[in-house]
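Chemist: There's a structure below that I have some questions on.
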Amino acid sequence: MKKLCLLATIIISFFSGQSQTYNIVPQPVSITSQKGNFIINNNTKIHPSTASFHAMEFLQQHLQKHYDIHLNTTEKSLPHSIFFITDSSLPKEGYQLNINANKMTIRGTEAGFFYAVQTIIQLLPITHEKKVTQLYLPCMKIEDSPRFPYRGLHLDVGRHFFPADYIKKYIDYLALHKLNTFHWHLTEDQGWRIEIKKYPLLTETGSCRKQTLIGNYGSGRYDNTPYCGFYTQQEIRDIVAYASKRNITIIPEIEMPGHSLAAIASYPFLSCTKATFDVMQTWGVSPEVLCAGNDSTYEFMENVLDEVLLLFPSKYIHIGGDECPKERWHQCAVCQQKIKNEHLKDEHELQSYFIRRIEQYLNSKGRNIIGWDEILEGGLAPNATVMSWRGTDGGVAAAQQHHQAIMTPGQLMYFDHAQSAYEDSVTQGGLISLKDVYDYEPIPAGLNDNEKQYIIGAQANMWTEYMNNTRKVEYMLFPRMAALSETLWSAPEQKNWERFTTGLPSLFSKYQKWGINYSKAFYDIECSVIPRYYRTDQSASQPIGISWKLQCKDSSMKIFVTRPYFEAEDSYQNEVTVPIIQNGPYSALLINPKGEVISNTLTQNFYTNRATGKKAELKTPPSNAYASAGVFTLVDGIHNGSGMSKPKEFLGFWGNDLDMTIDLGSMMPIETIILHVFEQEASWIYPPSAVTFWSSEDGKDFSIFDAVNSVDGKGNFPIIGIKKTQARFVRILAKNHGLIPLGNPGGGNKSWLFADEVEIF
Ligand code: ACM
Ligand code: ZN
């Protein structure tokens, strides 16, 4: 965002003294405006109370760092001071903040004091000057307390490692958003990141992989560069103490029995086969898991946990439990013997046995376990808390069994998914917009009032396969973290999307001040391709091509469009339909009323040809999961990878053929017909086994134009038919590859056929 300096509502309010909009995220329970301003300058004193030390220190450091204002403490009851007053009658983590012209009082206990300070920080003016002599705070009264006791954010440091200093910064982000739990995912197939003194190879070997996958899962390309990193126990102690001062509990996750290849690579006796393995270099799930039959595995994990417990005082320890393939256990004599000895039904009950045994150990040390929702399979361990990630069913099942649950459903709480429909960096999965996160209701439907109380909160997860630097982490996190904080803190009746989005410019200027890299997806220009007609009467004529339709949400904004071969940019109001006359890159961006660019630049390459925009039909529709704009997707002038692309650019046929007919509108000479397809075997997507092209004058009698009986290609590629003829209609039949060969990912299942465009010249 170029020089977006929006002091906006807050600044105006300082001088009018009666604003109703304060841009506090998450929205407090109640705010009452009062007349006047409280002034903070170097003469302002803080009057402490018991348990106010950390809150006070945080405020002092923030004012010093961002405004060069220094506040001292005093035991005297001086005017124009900030008073902390202990009040244990308030709700847990709650606070009352009363800002008057002659004093500010903060009532609460330790956590409440800390959250009151976070609110004060958000009320401070956003100035980009380093030194400020006076700060004006509008007078008001706030009563506030959180809706959920568990307000979490996770970070996967297994796939990518982030240094200890950055973890502290991340913890500050949690604090600013009034979250109270940091779920630190410390061990993975791709790296073991916590020093364990008894087993030094866990970090000597397990914290390094020889190389890392480049691009999407299944790319087959590697960077040929070792990747290492771990936290020493001293660093961890330091981080735990840092978090504790910010009312944040750190829950460590030590994954078992799956996602453990880094441990197995370090100590091969841990696996069923005892073979030697490398730390995993690609993403996905390793079939090598901890042997659940051998007692030495349990002894090892208990020894690891002994050291973990010394570092982390949290009541909960996360022991993973997700995505544990059972093939090795099925083939392992020791695991099978364990199943017999313990009278277990199968490998699922063996997994349950594993989790119960570890739970028993941790319970004996006064701790409780959290596990991903797979721990429900084969029976839940007696005191376990379930983290529901495969949708919400796990949370519902846990609550119905009167077990606590934390909601982290993948469709809404996985911040490794794109925030923008036009995301052009590699991300995992589908789209989770800011509004999706804001609208998320953590209590799943179908629970009665008694069961609802077992949903203790929710959490967003940051899986870092596709985040190898901290700027990318922040780009994926912000501003969704603000929406998350309101979802977790504010009652549903306090939430209001209009109010939240009105505050976004102010929030974004805070992010800039605090050096946070954030996504501008909220300002995405909405775009679509539509058929273009000669005359306005669309029913009377055939389409002759396409137009690019652009819209933005806010009518005060202008859209600027750049076309190929035009020097000048054209400016439009907040909606425009651009006829696509020339091939090449078209781009658009959004300008606010002050003339500042506020969006990402949207760039789209168009490739028009005789088929573009024309009427077309499919004999069998695509699968609902990849239906995009229907058959028009194949004649919309856009190739996958030529701009914003991604899933919306494809039609996907699961097990079916693509059989398509195009009406060019009139007889015309044609020489080449091209079908653009996509191959990605790791995702079950195969090229067609054969493609036949036909042409016709009347749409009834077709003759073969060309045929490609053996198709070969990787990634995006064209399949081309050639012949000189005259035709009005063209038919293309691409045969589905059929069942996936055994031994390949998805072996034995139907394969996908993906196509993104047809071109006719
Ligand atoms: C998970 O995403 N495997 C918990
Ligand atoms: Zn085994």
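Chemist: In whole angstrom, how far apart do the alpha carbon centroids of region 156-235 and region 503-565 sit?
Modeler: 38
Chemist: Once amide H atoms are placed 1.01 Å from N in the peptide plane, what residues at a sequence separation of 5 or more from HIS737, or on another chain, have their amide H within under 5 Å of its amide H?
Modeler: SER689
Chemist: Between region 435-483 and region 386-417, how many Å separate their Cα centres?
Modeler: Cα centroid to Cα centroid, the span is 10 Å.
Chemist: Can you list residues from other chains, or at least 5 along the same chain, whose modelled amide H is less than 5 Å from the amide H of HIS639?
Modeler: Amide H neighbours of HIS639, under 5 Å, 5+ apart: TYR607.
Chemist: Using the crude model of +1 on Lys and Arg Cβ and -1 on Asp and Glu Cβ, and no other charge, please compute the dipole size for the chain relative to its Cα centre, in debye to 20. Show your work: numbers first, answer last.
Modeler: Values: 70 positive and 79 negative charges, 397 e Å.
It comes to approximately 1900 debye.
Chemist: Carbon-plus-sulfur fraction of the accessible area of region 493-589, 1.4 Å probe, in percent?
Modeler: Details: 2290 of 4880 Å².
Summing carbon and sulfur atoms, their accessible area is 47 percent of the total for region 493-589.
Chemist: If we sort 592-598, 235-241 on the protection proxy, mean other Cβ atoms within 10 Å, highest first, what's the order? Don't skip to the end; give the middle numbers.
Modeler: Values: 592-598: 13.9, 235-241: 17.4.
Output ranking for 592-598, 235-241: 235-241, 592-598.
Chemist: A further question follows. Pop out the ³J(HN,Hα) list for region 46-62 in order, Karplus 6.51 cos²θ - 1.76 cosθ + 1.60 with θ = phi - 60°, rounded to Hz; leave Gly and Pro as x.
Modeler: 10, 9, x, 9, 4, 6, 9, 4, 5, 4, 4, 4, 4, 5, 4, 5, 5
Chemist: Something else now. Treating the beta-carbon of each Lys and Arg as +1 and of each Asp and Glu as -1, no other charges, what is the dipole magnitude of region 366-459 about its Cα centre, to the nearest 20 debye? Walk me through the intermediate numbers first.
Modeler: On the way: 4 positive and 12 negative charges, 61 e Å.
Charge dipole, region 366-459, about its Cα centre: 300 debye, nearest 20.
Chemist: For region 131-282, calculate the relative contact order in percent as a whole number, restricting contacts to Cα pairs under 8 Å that are 6 or more residues apart.
Modeler: Details: 250 pairs, mean separation 41.1, N = 152.
Value for region 131-282: 27 percent.
Chemist: So what's the angle, to the nearest 10 degrees on a 0 to 90 scale, between helix 164-176 and the longest Cα principal axis of the chain?
Modeler: Taking the Cα atoms of the chain, the angle to 164-176 is about 80 degrees.
Chemist: On to the next question. Under 5 Å between amide hydrogens, which residues at least 5 positions from ASN716 or on another chain qualify, with H placed 1.01 Å from N in the peptide plane?
Modeler: Residues meeting the amide H criterion: GLU679.
Chemist: How far is it, in nm, from the label point at SER219 to the one at ASN303 when both lie 7 Å from their Cα along the line to the Cβ?
Modeler: With each label point 7 Å from Cα toward Cβ, the separation is 3.9 nm.
Chemist: Just want to confirm a number: the relative contact order over region 17-126, from Cα pairs under 8 angstrom separated by 6+ residues, in percent.
Modeler: Details: 183 pairs, mean separation 32.3, N = 110.
This gives 29 percent for region 17-126.
Chemist: Here is a further query. Would you give the gap between the C-alpha center of region 277-297 and the C-alpha center of region 716-761, rounded to a whole Å?
Modeler: 38
Chemist: Sticking with this structure for a sec: Give me the one-decimal nm value for the distance between modelled label points at CYS228 and ASP570, 7 Å along each residue's Cα-to-Cβ direction.
Modeler: Simple spin-label model gives 5.8 nm for this pair.
Chemist: Placing +1 on the Cβ of each Lys and Arg and -1 on the Cβ of each Asp and Glu in the chain, which of PHE58, PHE754, PHE702 has its Cα farthest towards the positive end of the resulting dipole?
Modeler: Highest projection toward the positive end goes to PHE58.
Chemist: Each residue of region 243-258 in order: what ³J(HN,Hα) in whole Hz does its phi give by Karplus 6.51 cos²θ - 1.76 cosθ + 1.60, θ = phi - 60°, with x for Gly and Pro?
Modeler: Here the 3J(HN,Hα) series is 5, 4, 5, 10, 6, 10, 8, 9, 9, x, 10, 10, 6, 6, x, x Hz.
Chemist: Using alpha-carbon pairs under 8 Å, 6+ residues apart, how would you state the relative contact order of the chain in percent? Numbers along the way, then the final one.
Modeler: Working: 1786 pairs, mean separation 66.9, N = 761.
So the answer I get is 9 percent.
Chemist: Okay, next question. Determine ³J(HN,Hα), in whole Hz, for all residues of region 95-101 in sequence, where each value follows from phi through the Karplus function 6.51 cos²θ - 1.76 cosθ + 1.60 and θ = phi - 60°; x replaces Gly and Pro.
Modeler: 7, 10, 10, 10, 9, 10, 5
Chemist: Here is a follow-up. May I ask you to order 148-161, 286-299 by the average number of other C-beta atoms within 10 Å around their residues, highest value first? Don't skip to the answer; put the middle values down first.
Modeler: Details: 148-161: 22.9, 286-299: 20.3.
The packing order, highest mean first, is 148-161, 286-299.
Chemist: Which whole-number value in Å² is the accessible area per residue of region 294-391, probe 1.4 Å?
Modeler: On the way: 3950 Å² over 98 residues.
Dividing the accessible area of region 294-391 by its residue count gives 40 Å².
Chemist: OK, next. Note the angle between two axes, namely the Cα long axis of helix 295-311 and the longest principal axis of the Cα atoms of the chain, as a number of degrees from 0 to 90, rounded to the nearest 10.
Modeler: For 295-311 against the chain, the angle is about 50 degrees.
The values are calculated or read from the model by the stated rules, or taken from the named source; none is laboratory data. What you see is a predicted model, and the numbers here were worked out from it, not measured in a lab. Neighbour counts run over all protein chains shown; Cβ positions are idealised from the backbone, glycine included. What goes into the accessible areas is simple: the full protein's heavy atoms, side chains included, and nothing from ligands, DNA or RNA. Shrake-Rupley method; radii C 1.70, N 1.55, O 1.52, S 1.80 Å.
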